[in-house]
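Presented below is the structure to which this report refers.
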Amino acid sequence: MLSILRCLRSFENLAQCIHVSPKTQKLTPHLYNYFKPQNRFIPTRFYSNQNQKITKNAPESLKYFDYSHISLPGSPIDFSLDDFIILPKHFTHSEQEFLLNQSSKKLKREFGKQVVYQEDHFDGVIFGYRECHASHWGEDEDKVMEIFHKKVYNLFPEITNWLPAHILDLSESGGIQAHIDHVEYSGNIVAGVCLSSSAVMFLRHQDNSQFYFSVLLEPGCLYIQRDTIRYKFTHEIPVDQAEHMFKGELIPKARRISLLFRNEYEDVHDEWVLGKI
Ligand SMILES: O=C(O)CCC(=O)C(=O)O
């Protein structure tokens, strides 16, 4: 399974799979539900986008977004910034510690006691990392699943078909180059639990890399890429410490563990992505 994900991850390989014609693209009824205010499954106070209704809590969440490169004249308009969501401090300190501990144990069972990072992914997307799928969590499985349900799965009542969680351990010198997760490997949601250190993630429009926004992902946050951002924007975490600038501040880079949650691929996503309907 991992090798499938790996070989499909490269952005170059994806280029021909993710052609979306802005003229023909429409939201399927299924996906459209996410955009209807009454069906939003995350409280609106967490949203931030260009046409947002700012609620009293918005400045707190806006702290984590830098939109200064996203409103250029002539920029593409085939997306919604609502489709990248950050829930800061979503996990308590004890939940973070517990998940970190469980992830380290799982990585140890998978790779042995010695921590050896792979220098680069064979497709050249990830550097200085270890990763594995985690469908089983050993003796504390029930507690892990309880947290996943409470803090991740329950935010998406319509989704029942989750792939196994994926653990990514990036070393201090590691990073992830710009890519879009393979569109036929998983569905329209990619949710990430951030543990142990902060990172700056850049999201660039697939047709114009100068057209981007960045987000500050602090430990304890949950972030969600969905629909237009998941399909039309690449995401990256720079290898180079100097590039971890967020709103003029250098964010120190350290070892970081993330847990990634993806729903299964369905034809309905495919139709939307390929602009068939
Ligand atoms: O670690 C993260 O938050 C991002 C991981 C990622 O880009 C990926 O697994 O495709």
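The values are calculated or read from the model by the stated rules, or taken from the named source; none is laboratory data. Note that the structure is predicted; figures quoted are calculated from it, not measured. Heads up, the Cβs are rebuilt from the backbone with ideal geometry, glycines too, and the neighbour counts pull from every protein chain shown.
Is at least one residue of region 71-90 modelled with pLDDT of 95 or more and outside any loop (DSSP other than H, G, I, E, B)?
Checked region 71-90: no residue is modelled with pLDDT of 95 or more and outside any loop (DSSP other than H, G, I, E, B).
If I ask for residues that are in a loop (DSSP other than H, G, I, E, B) and in contact with a helix residue (DSSP H, G or I) (Cβ under 7 Å, 6 or more places away or on another chain), which ones from region 104-130 would you list?
HIS121, PHE122, ASP123, VAL125
Given (1) modelled with pLDDT under 95; (2) touching a Cys at 6+ places or on another chain (Cβ under 8 Å); (3) not in a loop (DSSP other than H, G, I, E, B), identify the lone condition not met by ASN154.
(2)
Would you confirm, using the coordinates I've provided, whether HIS205 is in contact (Cβ under 8 Å) with a residue 24 or more places away in the chain, buried (at least 18 other Cβ atoms within 10 Å of the Cβ) and within 14 Å of the ligand (Cβ to nearest atom)?
The answer is no for HIS205.
Mind listing whichever residues of region 219-245 are away from the ligand (no atom under 15 Å from the Cβ) and not hydroxyl-bearing (Ser, Thr, Tyr)?
Scanning region 219-245 gives ASP227, LYS232, ASP240, GLN241, ALA242, GLU243, MET245.
Given (1) in contact with a Leu (Cβ under 7 Å, 6 or more places away or on another chain); (2) under 19 Å from MET201 (Cβ atoms), identify the lone condition not met by ALA178.
Unmet for ALA178, out of (1) in contact with a Leu (Cβ under 7 Å, 6 or more places away or on another chain); (2) under 19 Å from MET201 (Cβ atoms): (1).
What tally of residues in region 213-257 results from selecting those that are small (Gly, Ala, Ser) and buried (at least 22 other Cβ atoms within 10 Å of the Cβ)?
1
Would you be able to tell me the number of residues in region 254-265 that are assigned to a loop (DSSP other than H, G, I, E, B) and within 13 Å of the ligand (Cβ to nearest atom)?
Residues meeting the conditions: 1.
Determine if region 111-123 includes at least one residue that is within 21 Å of the chain's Cα centre (by Cα) and of a type in the set (Lys, Arg).
no
Output the residue which, of all residues in region 157-180 that are surrounded by fewer than 20 Cβ atoms within 10 Å (Cβ to Cβ) and of a type in the set (D, E, K, R), is farthest from the ligand (Cβ to nearest atom).
The selected residue is GLU158.
In region 118-146, what residues are at pLDDT 90 or above, buried (at least 17 other Cβ atoms within 10 Å of the Cβ) and not charged (D, E, K, R)?
Scanning region 118-146 gives VAL125, ILE126, PHE127, GLY128, TYR129, CYS132, ALA134, TRP137, VAL144.
Being within 9 Å of the ligand (Cβ to nearest atom) and assigned to a strand (DSSP E or B) is the filter here; which residues of region 181-202 pass it?
Within region 181-202, VAL190, GLY192, VAL193, CYS194, ALA199, MET201 meet the criteria.
Between a first residue in region 209-236 that is of a type in the set (Lys, Arg) and a second residue that is within 11 Å of the ligand (Cβ to nearest atom), which pairs have beta carbons less than 6 Å apart while being 6 or more apart in sequence or on different chains?
If the second residue must be within 11 Å of the ligand (Cβ to nearest atom), the pairs left are ARG230/VAL190.
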